[in-house]
1. Being polar (S, T, N, Q), at pLDDT below 90 and surrounded by 17 or more Cβ atoms within 10 Å (Cβ to Cβ) is the filter here; which residues of region 1-29 pass it?
2. I need the full set of residues from region 304-317 which are over 20 Å from the mean Cα position of the chain (by Cα) and assigned to a helix (DSSP H, G or I), in order please.
3. When you check residue 415 against the structure, is it at pLDDT below 90 and crowded, with 20+ Cβ neighbours inside 10 Å, yes or no?
4. Restricting attention to helices (runs of 4 or more DSSP H) lying wholly within region 93-175, give those where 1 or more residues are of a type in the set (Asp, Glu).
5. Which numbered condition in (1) farther than 30 Å from residue 148 by Cα; (2) modelled with pLDDT of 65 or more; (3) surrounded by 15 or more Cβ atoms within 10 Å (Cβ to Cβ) is the only one that residue 245 fails?
6. Let me confirm something: among 358, 301, which residue is in contact with a Gly (Cβ under 7 Å, 6 or more places away or on another chain), closer than 23 Å to residue 371 by Cβ and either assigned to a helix (DSSP H, G or I) or at pLDDT 90 or above (or both)?
7. Can you tell me how many residues in region 368-397 are out of contact with any Asp or Glu (no Cβ under 9 Å at 6 or more places or on another chain), closer than 21 Å to residue 59 by Cβ and β-branched (Val, Ile, Thr)?
8. How many residues are within 16 Å of residue 360 (Cα to Cα) and among the small types (Gly, Ala, Ser) if we restrict to region 398-437?
Amino acid sequence: MHPLIENNIYLNGLFVFNPILLVISLLLFAHFFWSWRRTYKSTGWKLDFWHYNVFLTCVLPIFILYPFIASELNIPAVGGFYPKIISATNFAFLISTVGYCSMLVGRLIGNLIQKSSAGTLKLSCFELMMYNNMRNKTVLWFVSVVYSFLMFSLILFLVKSGNVSDPRAFFLKNGALRPIFNFIQVMYGLVVVSLFLRYMASKNKIDLLLIFSISLGSLFLGSRMATLGPFLIIAVVYYFIHPEKVGFKKLVLLSSSFVFLAIGLSSFRAGGDSQGFLFGLYNAIFFGNNFSDVRDFAWVFSYWDGDYWYGKSYVAAILSFIPREFSDIRSAWAVSVITDGYVGFDPEIHPGLRTGIFGEAFFNFGILGVVAIGVISGVLLRLSDFKIKKYISLDPRLFYSITWNFKVISAFYITAGFWSLYVFVFFHLCLFVIRSLFSKHS
């Protein structure tokens, strides 16, 4: 076996890794830390859009968790698949590392674009349109009330049908109704974040009332990330606007609280008890399914037949506005169907395996696909980072406007959620149309 592929076992299986690859992961983590510290010292930003996203999508799941992805403590999560998975963990790590380095190349290109513009990156017409959409309180309140009606109608349906305890499982089995559930979930995040950004700018208490009522309803949607995700975004935006109010201790406390709450909700929903919570928290972070991107990449890789998909999963994603039951392409090439098919899961009851931000690009186009999506992501993420630092202090509502292009490329990371991009576009088109209608009659 090649020395870069063979794993060594340490502490009775607690750590399983290749020493050479561990050194690589430590060096890349050290580079990330150096980059963050250099940015902090030169700009005063303790946290910026680039380092926030890179940490969550690459540094944490790929480099920090590398010694744990092949640990024997993963067996409760993956069962009898474990021996097959550990044979591919280092392949998945190396491919993901190539993607991360490609993002760094994209960052350099973004720096060059910034310099060529003489530091005057301007907001595009589309970005200004999105910004103006969220400035109009009447339009945003109208959409929020309509959304609240739709959400609570869905909850009433779930209560009457006896599926309020596990709505995700119900809609996964009923594919024709699944788009409705997906639409309600994605719209929740868009509406709540938009209202909060408006509140940050205007301090109108009606925004808070709408946020509270909608967030309360989201607890019945059965997804902890759907409920908590918008508040993480809000917390990050608040920090972007007021970095002087959030020190390192508060930043660590906030991050830890979010993780505890997310995993605590998961434990509560699964019927867990408080006695084993701390062990469950440790297990969920390092060996569970919350940050298992590289492990799941290896899982799929170990069963992959070597035939590239050549963009078929991306075509299926672009057609994601069509329910899978009504599309031959989607029923055969949706990424959740393919990954479930490789490992023998039923796609009707399992949502597919998550292969990280570079896995799907690799299975479609090999290393070239990984490099391409890495470079493009690095460029767009860096340009969004520059614009946030320049404009966010003027008005927090510019956040969504500035980051839309990065949202588009990130939809191609794991296309199982590609439909959320359509909901995002639909949301802003609705705001624009309603704003136009209101302005004509005012």
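The values are calculated or read from the model by the stated rules, or taken from the named source; none is laboratory data. What you are looking at is a predicted structure, and each value in this text was computed from that prediction instead of being measured. Counting neighbours? That spans all protein chains shown, and the Cβs are built from the backbone with ideal geometry, glycine included.
1. 7
2. 312, 315
3. Taking the combined requirement at face value, the residue does not satisfy it.
4. Working: elements: 125-135, 137-161, 167-173.
Result: 125-135.
5. Checking residue 245 against (1) farther than 30 Å from residue 148 by Cα; (2) modelled with pLDDT of 65 or more; (3) surrounded by 15 or more Cβ atoms within 10 Å (Cβ to Cβ), the one that fails is (3).
6. Residue meeting the stated conditions: 358.
7. So the count comes out to 5.
8. Number satisfying all stated conditions: 4.
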